[in-house]
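Taking it in order: structure first as structure tokens, then the write-up.
Taken together, the values in this text are just the output of simple stated rules run on the coordinates, not laboratory data. This is a predicted model, so every value here is computed, not measured. Cβ placement follows ideal geometry from the backbone for every residue including glycine, while neighbour counts extend to all protein chains displayed.
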Amino acid sequence: EVQLVESGGALVKPGGSLRLSCEGSGFRFSFYSMNWVRQAPGKGLEWVASISSSGSNTYYADSVKGRFTISRDSAKNSQYLQMNSLRVEDTAVYYCARDARYSSAWSAIDYWGQGTLVAVSS
Amino acid sequence: DIQMTQSPSSLSASVGDRVTITCRASQNIGTYLNWYQQKPGKAPKLLIYETSSLQSGVPSRFSGSGSGTDFSLTINSLQPEDFATYYCQKSYDTPLTFGGGTKVDIK
């Protein structure tokens with residue numbers, strides 16, 4: 001059974017930093033590209049960042065570029081999101097999400113974690 | 001960047017109704033359009049990928065169509081468990097933009 005488990009969410013002050021982790025199980029983690037998607041309270045889904053299966057290529061939403069860094073350690077079946085210079089508007093549930101590999105390009109997201117809450121407030 | 005616009009933003013329907021939600025891309029995205037269902041407090045669930053392919057385990061009352069810039073998700077014979085929020089999303093290249101969502105509630 002495929003599982004994605006996030007951790008690291010917390011309450012942090014504006015300007016602070018946080019590192020989210022996501023551990024995958026039940027599938028060959030190194031084969032899959034991965035994503036982070038967030039959802040602010042009462043709002044819709046927002047794609048945040050993606051990382052290729054090799055880790056060589058990373059992509060970011062304009063709203064987080066230069067502040068967030070996505071990375072992975074396939075030996076630990078894990079991906080990470082380092083979040084720096086956090087803003088109030090970064091407050092959201094952050095989901096770890098697996099690319100479905102339905103095509104050679106970026107595909108749909110077929111598995112999601114349960115989400116971890118990041119709250120940015122003074 | 002390509003923008004994704006869903007309509008309506010909400011709708012009320014009854015069990016047994018046929019419901020159609022539309023999604024428009026600001027540029028041609030071919031058939032790289034996916035649909036998700038999300039219930040309160042839960043992670044999204046993939047329903048349809050690449051416009052019309054049904055994800056494994058998803059009931060056949062869900063179907064998708066379209067190409068280019070205009071897409072739709074249809075739910076035939078709405079069931080009680082279908083009351084949720086639905087999102088479209090473009091894939092193929094980043095940003096993997098989502099539509100704003102369509103909330104389907106009980107009339």
Practice item. For residues that are touching a Leu at 6+ places or on another chain (Cβ under 8 Å) and of a type in the set (Val, Ile, Thr), scanning just segment B:44-73, find the one that is farthest from B:Gln89 (Cα to Cα). Key: B:Val58
Review point. Can you name the residue in segment B:21-55 that is facing chain A (nearest Cβ under 9 Å) and of a type in the set (S, T, N, Q) and is also farthest from A:Tyr102 (Cα to Cα) among such residues?
Key: B:Gln38
Review point. Taking segment A:1-37, which residues are in contact with a Ser or Thr (Cβ under 9 Å, 6 or more places away or on another chain), in a strand (DSSP E or B) and either within 11 Å of chain B (Cβ to nearest Cβ) or of a type in the set (Val, Ile, Thr) (or both)?
Key: A:Leu4, A:Val5, A:Glu6, A:Val12, A:Asn35, A:Trp36
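Conditions tested, residue by residue: (1) closer than 19 Å to B:Thr97 by Cα; (2) free of Cβ contacts under 8 Å to residues at least 24 places away in the same chain; (3) among the aromatic types (Phe, Trp, Tyr).
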residue	(1), (2), (3)
A:Gly42	yes, yes, no
A:Glu46	yes, no, no
A:Ser50	yes, no, no
A:Ile70	yes, no, no
A:Ser78	no, no, no
A:Asp99	yes, no, no
A:Ser104	yes, yes, no
A:Ser122	no, no, no
Revision key, fill the gap. Going through segment B:54-83 in order, the residues found to be part of a loop (DSSP other than H, G, I, E, B) and at negative phi are B:Gln55, B:Ser56, B:Val58, B:Pro59, B:Ser60, B:Arg61, B:Thr69, B:Asn76, B:Leu78, B:Gln79, B:Phe83
Check your understanding: What is the residue count in segment A:19-58 for residues that are surrounded by fewer than 20 Cβ atoms within 10 Å (Cβ to Cβ) and aromatic (Phe, Trp, Tyr)?
Key -> 2
Review point. Regarding A:Ser56, is this residue more than 16 Å from A:Leu18 (Cβ to Cβ) and in contact with a strand residue (DSSP E or B) (Cβ under 8 Å, 6 or more places away or on another chain)?
Key: no
